[in-house]
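The values are calculated or read from the model by the stated rules, or taken from the named source; none is laboratory data. Not measured: the values here are computed from a predicted model. Positions of Cβ are generated from backbone atoms using ideal geometry, with glycine treated the same way; all protein chains shown enter the neighbour counts. Just so you know, the surface numbers come from the protein's heavy atoms only, side chains and all, with ligands and any DNA or RNA stripped out. Shrake-Rupley method; radii C 1.70, N 1.55, O 1.52, S 1.80 Å.
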Amino acid sequence: MIHPLTGPQRANWRCVRSFTEGLRACTPNVRPRPPRKGYDPASVSSEESHLPARAAERREALKEVFEQAQGCVRCAELAGTRKTVVFGAGNADADLMFVGEAPGASEDERGLPFVGAAGKLLEKLLGEIGMARADVFIANVLKCRPPGNRDPQPAEIENCQEYLYRQVELIQPRVICTLGNTPTQTLLQTTQGISKFRGQWFDFRDTKLLPTYHPAYLLRNPAAKADVWKDLQKVMAVLGLQAPKKR
Ligand code: URA
């Protein structure tokens, strides 16, 4: 007998579905990339043969990390107050990955990152550079909403870091764009604020990283959108994509 899912279980299922469907829906959009190290065309099934090197394996591994995160209780308070674990969503083979701070109320409700007001702005900015959510992967430093949207605590960041690192390892984006203080400080291991680093290139392990302002900051300070626009142009140039000429 199939039991209907209720409450958080139901929300979780929606979240699993959006994640896995998202991955499936996104695969045709995968841009051809040079074969990755260790590429063995023979290991790719005919169904997956349109995918770049080992994309299918990496996608499966990402699903495993996703499943693992769903039951995470490393932060007792967050595990006790969250409705969903917001793992991240988008193209598992994306060249560009955005990292935000933590889910807010809308994200916690829907199990997806950046679906509230800040998310709408992020989508708009992506649209302006000719991209859509399905072209990129979007994640957060914390996978659970801090109650009342308080700042993430250092212990929570540390507890959750492993998930983010695994996401980067498996997605292997060419560029990571950190949005605001928390992801920039977490990945660059610094206590300096975003304005010191915004618009400059850094290395995170083998990946180029460019910090920019968080869309929530842009909602409060629309004039800063011009800076983010410049930052996104730099990202496009590194990815070898043609950036639109004019806003
Ligand atoms: N702000 C974030 O940093 N992440 C989200 O997912 C939503 C808002």
For residue 202 and residue 165, extending 7 Å from Cα along the Cα-Cβ vector and measuring point to point gives, in nm, a value of 1.6 nm
Averaged per residue, the 1.4 Å probe accessible area of segment 94-181, protein heavy atoms only, in Å², is roughly 34 Å²
Expected unfolding gain across residue 242-residue 229 under the 0.36 nm per residue rule, minus the alpha-carbon gap, is 3.3 nm
Filtered hits (aspartates and glutamates, Cα-Cα < 20 Å from residue 124, offset >= 8 within chain) -> 95, 101, 107, 135, 227, 231
1/(1 + (r/R0)^6) with r = Cβ-Cβ of residue 189 and residue 219, R0 = 25 Å, i.e. FRET efficiency to nearest 0.05, evaluates to 0.35
Ranked output for segments 197-208, 59-70 by mean other Cβ atoms within 10 Å, highest leading, reads 59-70, 197-208
